[in-house]
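The values are calculated or read from the model by the stated rules, or taken from the named source; none is laboratory data. Note that the structure is predicted; figures quoted are calculated from it, not measured. Neighbour counts are summed over all protein chains in view; Cβ atoms, including those assigned to glycine, are modelled from backbone coordinates with ideal geometry. Accessible surface areas use protein heavy atoms only, side chains included; no ligands, DNA or RNA. Shrake-Rupley method; radii C 1.70, N 1.55, O 1.52, S 1.80 Å.
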Amino acid sequence: MTDKQPIRVGMELPALVLPPITRTTLALFAGSAGDHNPIHVDIDVAKSAGLDDVFAHGMLSMGYLGRLLTNWVPQQQIRSFRVRFAAITPVHATPTCTGRVVSVDGDEATLELTVALDDGTVTLTGDAVVDIA
């Protein structure tokens, strides 16, 4: 967590900068998640839907946000975790996950979470409540 620093409103979690999303990443995630929607792995299907290329599963980005949280607190301290999908993550994009403490109430902190791309596009927003005792 924060090496004995008190948790306070405005505190930022260490950012999680991920490598570019590759076609291999998408294929492996599709297999592990059981989500074989071809729009994520087949460029012809993506183009037939009017897109330039395939794009990442929203749940992949949610998984990355989960990693951001568990890099900060142990999994058992996560009380809730919610997201809203805001934009697609294209293949080759480099997502960055960030979090910020927006409130502290007793032994719980509420975090605002975001996944954004290098160009500033926010692809996922969310929140989590974690036990900080």
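Restricted to region 43-53, and to residues that are free of Cβ contacts under 8 Å to residues at least 12 places away in the same chain and surrounded by 12 or more Cβ atoms within 10 Å (Cβ to Cβ), which residue is nearest to I88 (Cα to Cα)? Checking each candidate, the answer is A46.
Close contacts from region 24-42, counting a first residue that is open to solvent by 60 Å² or more (accessible area, probe 1.4 Å) and a second that is among the charged types (D, E, K, R), with Cβ to Cβ under 8 Å and a gap of 6+ residues or different chains, come to V41/R23. Scanning region 83-112 for residues that are open to solvent by less than 50 Å² (accessible area, probe 1.4 Å), closer than 26 Å to A27 by Cα and of a type outside the set (S, T, Y) yields V83, A87, V91, A93, P95, C97.
Test V101 against the stated conditions and say whether it is under 22 Å from Q76 (Cβ atoms) and in contact (Cβ under 8 Å) with a residue 24 or more places away in the chain.
Here the answer is yes, as V101 does meet what is asked.
When region 3-14 is filtered for residues that are touching a helix residue (DSSP H, G or I) at 6+ places or on another chain (Cβ under 8 Å) and either loosely packed, with under 15 Cβ neighbours inside 10 Å or farther than 28 Å from L111 by Cα (or both), only P14 remains. Does I88 satisfy the criteria of being assigned to a loop (DSSP other than H, G, I, E, B), touching a His at 6+ places or on another chain (Cβ under 8 Å), on the phi < 0 side of the Ramachandran plot and not acidic (D, E)? Considered against the rule, which asks whether it is assigned to a loop (DSSP other than H, G, I, E, B), touching a His at 6+ places or on another chain (Cβ under 8 Å), on the phi < 0 side of the Ramachandran plot and not acidic (D, E), I88 comes out as no. Which condition number does R79 fail, the rest of (1) assigned to a strand (DSSP E or B); (2) more than 20 Å from A133 (Cβ to Cβ); (3) touching an Asp or Glu at 6+ places or on another chain (Cβ under 7 Å) being met? Condition not satisfied by R79: (2).
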